[in-house]
Every structure is written in structure tokens, then in C-alpha cells.
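A.B. asks: Quick one: the structure is below, and I'll ask about it shortly.
The values are calculated or read from the model by the stated rules, or taken from the named source; none is laboratory data. All values reported here derive from a predicted model rather than from experimental measurement. A quick note on method: Cβ atoms are made from the backbone with ideal geometry, for glycine too, and the neighbour counts reach across all protein chains shown. For accessibility, only protein heavy atoms count, side chains too; no ligands or nucleic acids. Shrake-Rupley method; radii C 1.70, N 1.55, O 1.52, S 1.80 Å.
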Amino acid sequence: MNTHSLRLPTKRFRRGRRTAKVLVAVMITLPALLGMLAIVIDGNGLMGQAEDMQQAADAAASAAAMDLLQGNGSSVATATATKYVTNYNTSSNATVTVQIPPQDGAYAGAAGYVEVVVSERGQTFFAAAAGNLITPQLSSRAVAGYAPTTAGAALVALDPSPAALSLPMTITGVPTLPSLPALIGGIEVLGIGNLQVQGAVLANTTWGGVDQNGDPAGTGPGPPYGISCTPLISITKLLATDIRVAGGVDNQANYGSVTQGKPNPLRANALPVPDPWINMPVPTTSADPVNVSDNYYGGVAVVLLPIQQQTLNPGVYDWIEIVSGQVTFNPGVYIVRSVNPLTNIALAVLGGQVTATGTMFYITDSTGYTADQGSPDNSDGGSQPPASTATTLTPSTVINIGLPGSTFSAISTPGSPFAGMLLFQRRFDRRPIIIVQEQLLLGGTFAGAIYAKWGHVMLVGEGTFNVSVASGTMRIVELLQCTIAPPSLLPPVQEVSLVE
């Protein structure tokens, strides 16, 4: 036997056999490896697409809820939701289903809420190469709506960027009004005691300052400020249920809750709030035939002995001035369209004993205003009037509400568009309104709402003001402790939130 004829396999041969085995193994496992790779790549892509779809659904539901909050209606909200998905989020092939109110979930049937469902075929690479045999259908759902986030409002400043404003150094018949500097806040508290507000304080003024944490807020460092609390002594504060300002404040330490023990309710850099009375008509005989009269009385001055009496009736006046005597305003609307040529004030209630139950005073700078037509005031709307060229404005109205035995109360006729309103100034009229509260023995009462969209309202004195105010700007000059306690509150802040 030739032992040299038997040879072991060479290294090259053995290596070739191993290579062949590896190739066979690779051929066998390749489909599985490609399948895993497809799952990883397509899965990551689908996850990203699902996240994008959820963001689109969230944005669409929130935008549609904002439409509802602004009163635009379900059809507009539905169109907005669809546009947010198909146009703004580049999902032109998506199917968008909008339900108002929602049909499913915790908010099913809830008014003010929107349900948006976005469905779309998943976009894949490997599945597409295989003929879309395993491409899934993706779906995302979101629910958003609006709800109150504050208590009802007591004070609302509507002007986002007020012009400079100061008052005459002296005003006839108002000895308690001190000389005051120019306004340095959309809402300004000036005095020597705490102002306590039973409700929310809201300011659209964007002037700067700081926020609740002392960080910069608004349009600059201030002054002027969105809200300013200018204490004459260190304990002066503005205390309210909620305090919200589009801009900033002077010092966050000057603000707090009217309820002891609760955290500071101040919120700066907040969204502006709508005018609560933007849809209220001006007084005409067609708007309120029960309370509005077109009878014309000219200018009226009442200067009587304390025991003498005089009665005034609803209608159109050039000016009204009450100095002394006993005066009764019969229920209804009093339109005052010009000024006293001696004082340049339209409505002055300075003395006497006044009974004005179920009344509203409408103050306008339209000297030709008639109760039949209501023009040009009825076209003011929500637009801003031309800027005033004067930085010092004489008040349109001065009322001493603390007169002994006097009573002022708002329109109370059911169904009247002016129900609850006591003093309404033409929207375009920027003149100040001054309400003085003197704490006299057997002092009077003054209960109702004050509205002057682009005007300025000043409350001066001490004690309790039973008023709610919506005006361009306002100033409260408190001589001692002062409380704002409206008979009824204005709407609270409504905000949109994503809930599902």
C-alpha cells in the first residue's frame, strides 16, 4: 500500500467548503434579515408618520376650538380643522373627520369641544416595493375645547396700547379729586390702602414690566406698565380673584389673592380678552322701545333748596347737571349728547339727593344724535377711533355716588339689551368718566355696569363700589380701603386646551 497516495484536504479546500456553507446560510437567512431590516426601517418611518399625524390632529382640534370660542360656528371650525391637516401639515391625502361636539370619549356631547380624527395610508419603502401588500392604515385622534379659566370679571381694560392721558388740575364740583399725573398703567391703582376686587381683573394693555416671577413681560421694562399699583404706603396692594394682563406689571409683590392663603393669581403675558359688550346696540327706540324715548329736553341744571323736588324723564338731553335739591330720574334711558358750556361736562351729579332707579345714562360726543337713528354711533363697532390730539381731556361724566340718601341702579327690564347697564359711553368717545365715592353718613348706593370701550374710567374714594367696568383704561384712586363688588360679573376668561 502506497502511503503517499492518501492526502488530507488542503487548507484552500477546507476554506472553500466553509465559504460555501456560509453562503448557503446567508441565502437561507437573507429573507429573514431583509424582513427584519424592512420592519426596522418601515417601522421607524411609520412611527414618525404617526407622530406627525398626531401633531396635525392636535393642531387642527385646537384651531377649530378657537374658532368656536370666537363665535365662528361649527362650519367654519370644521373647515379650519381640515385646512390645518391637509394644507398646513402637508397631509393632502389624509381623511379628516370632524365631530362637533365629540362623539366618543370623556367629552362626548360636550358643547365647546371638537373631535378630530385623521386617517391616512402609511408611507413605507419596503412594503411599497412589495406592492403595498402590508401597508397599514394609520389613524390619530384629538379633542380640544374651551372652558373658563378664571372667575367672572369685575374690571376689564380693553385698550392694548393707550395714548398718554392726564386730567385737568381742577374739576368743578369735585373737591375730593387730587391732582394726578399722567396714566402709567392700563389699569392703575393709586392710593394708601388695599384695593380688594371680588372678581377677576383683566387688562389687554401690552405695556411692559415683569411677570409673576419677576421676569420681563410685555413690550418693555416700563413704565408705563400693563397694570400699575403705585402705593403711597408700602402695604398698598391690588387683591383679586384673578389678575391677568397682556403685558407686565410694575412689581409682582404688589399683587395677591383677595382670598387669604391662596397663591398670587397674577398672570402676565396673557392673551387679550374680547370686549364683553361689543354686540350691545346703541340706544334707539327700535333697540329698546320700552326704555328709550326720542323726547328732547335740551340742557338741564337743577339747583334747588334741599326740600324742593324735580323729576326728569327718559329722553335726549344736551347736558344734565345736579347741584342740589331732591331729584328723581324716572326709569329709562337718558341720552346726553353735548356738554354744559360752563363746565364742558355732559353729566354732572354733584350734590342733592338723587333717585335714579332702573336707569341708564348714555353719553355721546355726537351732538346730532337722535334716538330714532342712533347714528353715527351705531357704526363704531370694534374698530379703534382716531387718536386724540389732546393729552388732557375734560371728563364727560362726574358722579358723586356717596350723596346721602341717593340711589342709582341699572336698567332691569327683562329682555332689554341694556339690562344691568347703568352708564354707557359711546365706543369712540375717549373722554374720562369719574365716579366719586364719599363715605358720608347715610351715603347713597350705585349698582350696575359701566362701559366705555375706548374711554377712561376713574373710581375715586373709599368704601365699596358695586360696579363692573369695561373701558379702554381705568384708574382707581383709593383714599383708604376700597372694594369693588359688582352686582353681577362679566364673562370669565375662556381658553382653549387639548384634552384628549
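A.B. asks: Could you say whether any residue in segment 342-364 is under 19 Å from G472 (Cα atoms) and in contact with a helix residue (DSSP H, G or I) (Cβ under 6 Å, 6 or more places away or on another chain)?
C.D. replies: yes
A.B. asks: If you don't mind, another one. Of all residues in segment 467-500, how many are surrounded by fewer than 22 Cβ atoms within 10 Å (Cβ to Cβ), more than 28 Å from A110 (Cβ to Cβ) and among the small types (G, A, S)?
C.D. replies: Result for segment 467-500: 1.
A.B. asks: Okay, moving on. Considering only residues that are touching a residue at least 60 places away in the same chain (Cβ under 8 Å) and among the aromatic types (F, W, Y), look in segment 428-464 and name the one that is most open to solvent (accessible area, probe 1.4 Å).
C.D. replies: Only one residue tops the list, namely F428.
A.B. asks: Of a type in the set (A, V, I, L, M, F, W, C), surrounded by fewer than 16 Cβ atoms within 10 Å (Cβ to Cβ) and assigned to a strand (DSSP E or B), is that true of A348? Quick ask: steps written out before the conclusion?
C.D. replies: Working: of a type in the set (A, V, I, L, M, F, W, C): yes; surrounded by fewer than 16 Cβ atoms within 10 Å (Cβ to Cβ): no; assigned to a strand (DSSP E or B): yes.
In short, no.
A.B. asks: Please work out if P395 is crowded, with 21+ Cβ neighbours inside 10 Å, part of a loop (DSSP other than H, G, I, E, B) and not basic (K, R).
C.D. replies: Details: crowded, with 21+ Cβ neighbours inside 10 Å: yes; part of a loop (DSSP other than H, G, I, E, B): yes; not basic (K, R): yes.
The answer is yes for P395.
A.B. asks: Further question on the same structure: Name the pairs: first residue in segment 209-227 and assigned to a loop (DSSP other than H, G, I, E, B), second residue of a type in the set (D, E, K, R) and open to solvent by 50 Å² or more (accessible area, probe 1.4 Å), Cβ to Cβ under 7 Å, at least 6 apart or on different chains?
C.D. replies: That search, which allows pairs on different chains as well, returns Q212/R267.
A.B. asks: Moving on. Which of the residues belonging to segment 255-278 are surrounded by fewer than 20 Cβ atoms within 10 Å (Cβ to Cβ) and either in a helix (DSSP H, G or I) or of a type in the set (V, I, T) (or both)?
C.D. replies: Within segment 255-278, T259, I278 meet the criteria.
A.B. asks: With the structure loaded, tell me whether S416 is in contact (Cβ under 8 Å) with a residue 60 or more places away in the chain, outside any strand (DSSP E or B) and at negative phi or whether it fails that test. It would help to see each step written out before you state the result.
C.D. replies: Numbers: in contact (Cβ under 8 Å) with a residue 60 or more places away in the chain: yes; outside any strand (DSSP E or B): yes; at negative phi: yes.
The answer is yes for S416.
Rundown of residues vs (1) touching a strand residue (DSSP E or B) at 6+ places or on another chain (Cβ under 6 Å); (2) of a type in the set (V, I, T), yes/no style:
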residue: R337; (1), (2): no, no
residue: A346; (1), (2): yes, no
residue: T357; (1), (2): yes, yes
residue: Y362; (1), (2): yes, no
residue: D365; (1), (2): no, no
residue: D372; (1), (2): no, no
residue: N378; (1), (2): no, no
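A.B. asks: Would you be able to tell me the number of residues in segment 409-430 that are out of contact with any Pro (no Cβ under 6 Å at 6 or more places or on another chain) and farther than 14 Å from V333 by Cβ? First the steps, then the outcome.
C.D. replies: So the first thing to find is which residues in segment 409-430 are out of contact with any Pro (no Cβ under 6 Å at 6 or more places or on another chain), and the list is 409-416, 418-427, 429-430.
Applying the additional criterion that residues be farther than 14 Å from V333 by Cβ yields 414-415, 427, 429-430.
Within segment 409-430, residues that are out of contact with any Pro (no Cβ under 6 Å at 6 or more places or on another chain) and farther than 14 Å from V333 by Cβ number 5.
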